[in-house]
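The values are calculated or read from the model by the stated rules, or taken from the named source; none is laboratory data. Please read all numbers here as calculations on a predicted model, not as lab measurements. Glycine also receives a Cβ, built like all others from the backbone with ideal geometry; neighbour counts cover every protein chain displayed. Keep in mind that these areas ignore ligands, DNA and RNA; they rest on the heavy atoms of the full protein, side chains included. Shrake-Rupley method; radii C 1.70, N 1.55, O 1.52, S 1.80 Å.
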Amino acid sequence: MADCRICGGTVEEFFDFGRQPVSDSFVTPETAGQEFYFRLAVGICGSCTMVQLLEEVPREHMFHEDYPYRSAMSSMMNRHFEEYAGQLLRTELTGPDPFIVEIGSNDGTMLKTLASAGVRHLGVDPSAQVADLARAAGVRSRTAFFEESTAREIAAADGPADVIFSANTTSHIPYLGSVFRGVDALLAPRGVLVLEDRHLGAIMEQNSFDQIYDEHFYLFSATSVSALARLHGFALVDVEPLAVHGGSMRYTIARAGSRTPSPAVEALQDRERAQGLTDPETYQKFGDHVRRGCAELMELLERLRAEGRTVVGYGATAKSATVINYCGIGPDLLPFICDSTPAKQGRLTPGRHIPVRPPSAFSDPYPDYAVLFAWNHAEEIMAKEQEFRDAGGRWILYVPDVHVV
């Protein structure tokens, strides 16, 4: 048991993935074995219901100058952020001089639409390389971690923000008390904090256990986000389900009493209770699914190897580190993984040291099977790699269970 990082309550552990490397620490052959390791265990708070990791990885080990993720690499995410930017232009950013701040702005994919529209904006991201990419795209960016001191400096220089936006970032930050104090200092009286993140309900429903890794310190639900907001003088006023990342939720938070909550908030909390997201038994069953799924995946890969079939991986994602290391998948089962991110190519996956190769290696020649680690982009990837299917290739997926398509 541990103390909750949100409310101080008691966190009950429900699964331990064992010793894991930092998920984005793609190493060179010369530095293999020098990765930072930690215990990847997850639990739920009995008071505020926030699901969280029990051990924090120091942020400098995860979010640094060489951080490899790029939002712009996915056409689906490009469309997603462009559409939401347009929605903000029609709703929250309609005043005479609106101002938006993005926490974890990455390469500026979301803010560039607003920058083109002339909206005053600022992206905040700790990775210098991605911030440089954002600036090259015309997005004003600051290289820093977002916390109370950062927010106060922004407020002093730029004034209050009408919108503070964060996509797939806030759940990465263990010190959310500092973040919310910063939001309190920076947000305009009727402004909104908008968080997009993977929904705990979708993770449990799909058994997408690979969504649990070092960067995802918290797994959000409407119930836990509502409790988090209340603790800091805010209220959850709207929720909107999103298809991205295998099932996400857009949470809109405002100062308590400044806006009337949408009926969708209570409706989602009712669905979460019906799904058992506050019931410890739900998480014990989840652990059983994880163990069974990993055993089935290993059995399939070992059988295909015995039959002489060629199998590679597709998508050297951060979340694949959980699968590869917990299941024990090495180069003997997957000789390489293809990935379109240049910063990962020529390196080895963290922990198990599977070589990462560019997409051109996938068709040279096509393998018999490919494990799709980037399963949340399955539709986009399968359409792109139709020739693989035409050549007789088959995809292996493990969410919600192990299956071949």
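Computed per residue of the chain from DSSP H runs no shorter than four, each worth -39500 (n - 2.57), the mean residue ellipticity at 222 nm is -9500 deg cm²/dmol. Solvent-accessible area of region 320-405 (1.4 angstrom probe, protein heavy atoms only): carbon and sulfur portion equals 47 percent. Over all other residues within a Cβ to Cβ distance under 13 Å of Tyr218, the charged ones net out to -2, with Lys and Arg as +1 and Asp and Glu as -1. Overall shape: oblate for region 212-262, with the ratio a/c of the largest to smallest alpha carbon gyration tensor axis at 1.5 or above and b/c at least equal to a/b. Going by a ≥ b ≥ c, the root eigenvalues of the Cα gyration tensor, does region 143-255 fall in the rounded group (a/c under 1.5), the prolate group (a/b larger than b/c) or the oblate group? Here region 143-255 falls in the prolate category.
Just for the chain, what percent of DSSP beta bridges are antiparallel, to the closest 5? Counting DSSP beta bridges with both partners in the chain, the antiparallel share is about 55 percent.
Taking Ser75, Ser221, Ser171 as the candidate residues, the one with maximal mean-square fluctuation in a Gaussian network model of the chain, Cα springs under 10 Å, is Ser75.
Taking Cα pairs under 8 Å and at least six residues apart, what relative contact order does the chain come out at, in percent? For the chain, the relative contact order is 15 percent. The 3J(HN,Hα) values that the Karplus relation (6.51, -1.76, 1.60; θ = phi - 60°) gives for region 124-129 are, in residue order, 10, 8, x, 8, 5, 5 Hz. Gly and Pro appear as x. Taken one residue at a time, the phi angles of region 357-364 give Karplus couplings (6.51, -1.76, 1.60, θ = phi - 60°) of 10, x, x, 4, 5, 5, 9, 10 Hz. Gly and Pro are set to x.
Note that region 83-91 has calculated 3J(HN,Hα) couplings of 5, 6, 4, x, 5, 5, 5, 8, 10 Hz, one per residue in order, obtained from phi through the Karplus relation 6.51 cos²θ - 1.76 cosθ + 1.60 (θ = phi - 60°); glycine and proline are x. Any idea which of Gly246, Ala264, Gly201 is furthest toward the positive side of the dipole for the chain, if Lys and Arg beta-carbons carry +1 and Asp and Glu beta-carbons -1? With unit charges placed on the Cβ atoms, the residue in question is Ala264. With a cut-off of 15 Å between beta carbons, the residues surrounding Ile154 carry a summed charge of -3, where Lys and Arg count +1 and Asp and Glu -1.
A quarter of the convex hull surface defined by the alpha-carbon atoms of region 84-162 gives 4.7 nm² as the mean projection.
Can you bin region 285-405 into rounded, prolate or oblate? Criterion: square roots of the alpha carbon gyration tensor eigenvalues sorted a ≥ b ≥ c, rounded for a/c under 1.5, prolate for a/b above b/c, oblate for the rest.
Numbers: a/c = 1.41, a/b = 1.23, b/c = 1.15.
Judged from the Cα gyration tensor, region 285-405 comes out rounded (a/c under 1.5).
Surface analysis of region 299-340 yields an accessible area of 35 Å² per residue, using protein heavy atoms and a 1.4 Å probe.
Each principal axis of the chain carries a Cα extent, and these read 65, 48, 38 Å when sorted largest first. Roll a 1.4 angstrom probe over the protein heavy atoms and tell me the percent of accessible area of region 183-269 that is carbon or sulfur. The nonpolar share, carbon plus sulfur, comes to 52 percent.
Per residue, how many Å² of accessible area does region 237-292 show with a 1.4 Å probe?
Accessible area per residue, region 237-292: 51 Å².
The residues of region 164-218 present an accessible area of 20 Å² per residue when probed at 1.4 Å with all protein chains retained.
Extending 7 Å from Cα along the Cβ direction at Arg190 and again at Thr310 yields two label points whose distance is 6.3 nm.
Each of Leu122, Pro280, Phe14 was placed along the dipole of the chain (beta-carbon charges, centred on the mean Cα), and the one lying farthest toward the positive end is Leu122.
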